[in-house]
Amino acid sequence: MSHVRTLVVTTLCAFFLPAAMLPSQAAEVRKPNILFIMVDDLGKDWVSCYGADDIGTPNIDALAEGGMTFHNAYSMGSCSQSRTTLLTGKYPYRTGWVSHWDVPRWGVGYFDWKKTENTTFARLMKDLGYATCAAGKWQINDFRVEPDALRKHGFDDWAMWTGFETSNPPSDKRYQDPYINTPEAGSRTYAGQFGPDIYTDRLIGFMRAHHNEPMMLYYPMPLLHGPWVATPDEPDARSRLDRHKAMVRYVDKMVGQLVDTLDELGIRDRTIVFLASDNGTDAKITGSLNRQAVKGAKGSQSEAGVCGPFLVNCPGLVPAGVETDALTDLSDMLPTFVELGGGKVPDNLIVDGVSLAPLILGKEQDSSREWIMSLSFGAGTLDAQGVRPRRDFGPRVIRDKRYKAWVSSNKKIDRLHDLEEDPLEKANLLGSTEQEHQQALARFEQIVDSLPEKDGRPRYEPRAPNPWDRQMANH
């Protein structure tokens, strides 16, 4: 698909309600279901509707064909930062999740529901009358410390791999023989089963049980993150690349299963399906995009590392066959979900994102964003007060529809690129004397100047140490 400005090609269809329906019932019917799928480590180079040459993703492609394809959608630098940004609507410099760490591995620092700054979209959607369910990969709480963390973050039901728990070897498994937490069984190993099937089936079961009420469904898939494994559909896949391809095809299969269930339940035309990624493809994997080799760029500040697939689909609600260069990043999701649910972000809750609801419903042809940002690259560290970033100001990238600035840890722009002329970011225009380049640089410098001098620390309440806690001397 070509990179063009948004063209709205269908008209927003209204729901027709029985005349005898009470106003309160009508309000409930008008609330769309939301299914947000975030694939782990999926770059555009492995989605065929974006031009990937080495794979076919027919179910994902169908979302694009029948909905909206975004070309300028940012994630954060890596796993945990993308998750907290998505959940809170805040950039990591506010929440303190500015570096990557696996909470269950460290045993210190966690995503604390008691802090207003960590309020999730799930809690807000519950307030709007939504039934909420999450399945997949969490990684930002240790369920040994707080087994009911998901409920406290706003989810009614879940089937979640917490991440590898230090001193608990079975917990390392997310695929074959997975170690999964559910509200009824706690954390345990599901011997002989394939994790992605359990996560998908949990969401499908929740849909069947709650299809007569508005649902907020969150699916942070563990796929495609390593280890690279053979799937039940392709058990003979051997090489890393063959297993990666098999895992991509399994992602596509599960997308199809979820959409088929929505069709079966008769709620497809009132369920808005989002598909995104938490960052680019793993650096050990090389794909091909529009007949050009693309090395995975996870953890990189390049576009291949932070600008991923983003699709939105709902027949009759979201215009079909639309491609857009509208700017968006994961901080936009919380306000978007709340507006779609008929609510308003509380006045006392600071969010960095803006709602995409008018755009994805066909009421507007662009988002209101003038720039987007991706930050947080590399791991965190420890000091006497707990988890903190390795730097006072983490490196980040900021872009508009044409230009992109790389910002260093000394809070200075050290690279400027024209993405229209130089999509591979090879030519640094920082020293250019051209007026347009100088104007772009000035715009980005103004944005950088508006940011705090120091990034925040994660907000959590200190607790007594556990035996598995990582110690400063060992880090």
Distance from the Cα centre of region 379-398 to that of region 68-144, in angstrom?
17 Å
Enumerate the lysines that Lys412 could reach by cross-link, defined here as Cα to Cα under 16 Å, with residues fewer than 8 away along the same chain left out.
Lys404, Lys454
Among Gly287, Ser99, Ser367, the residue whose Cα sits farthest towards the positive end of the charge dipole of the chain (+1 at Cβ of Lys and Arg, -1 at Cβ of Asp and Glu, taken about the Cα centre) is Ser99
Spatially proximal lysines relative to Lys152 (Cα-Cα < 28 Å; intrachain offsets below 8 disregarded)
Lys31, Lys90, Lys114, Lys115, Lys126, Lys137, Lys173, Lys344
If the chain between Ala185 and Ala442 were fully stretched, how many nm would it gain, using 0.36 nm times the residue separation less the Cα-Cα distance?
87.0 nm
Bins of 10 Å from zero: percent of alpha-carbon pairs in the chain:
4, 20, 32, 28, 13, 3, 0
Is region 236-335 rounded, prolate or oblate when judged by the Cα gyration tensor, a ≥ b ≥ c being the square roots of its eigenvalues, rounded requiring a/c under 1.5 and prolate requiring a/b larger than b/c?
oblate
Starting from the Kirkwood Rh over alpha-carbon pairs, what translational D in µm² s⁻¹ does region 356-475 have by Stokes-Einstein at 20 °C and 1.002 mPa s?
124 µm²/s
Decide, for region 157-303, between rounded, prolate and oblate: order the square roots of the alpha carbon gyration tensor eigenvalues as a ≥ b ≥ c, take rounded if a/c falls under 1.5, and otherwise choose prolate if a/b is larger than b/c, else oblate.
oblate
In the chain the DSSP beta bridges are antiparallel at a rate, in percent to nearest 5, of 55 percent
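Where a number appears in this text, it was derived from the coordinates with a stated rule and is not lab data. Not measured: the values here are computed from a predicted model. When we count neighbours, we look across all protein chains shown, and the Cβ atoms used for this are built from the backbone with ideal geometry, even at glycine.
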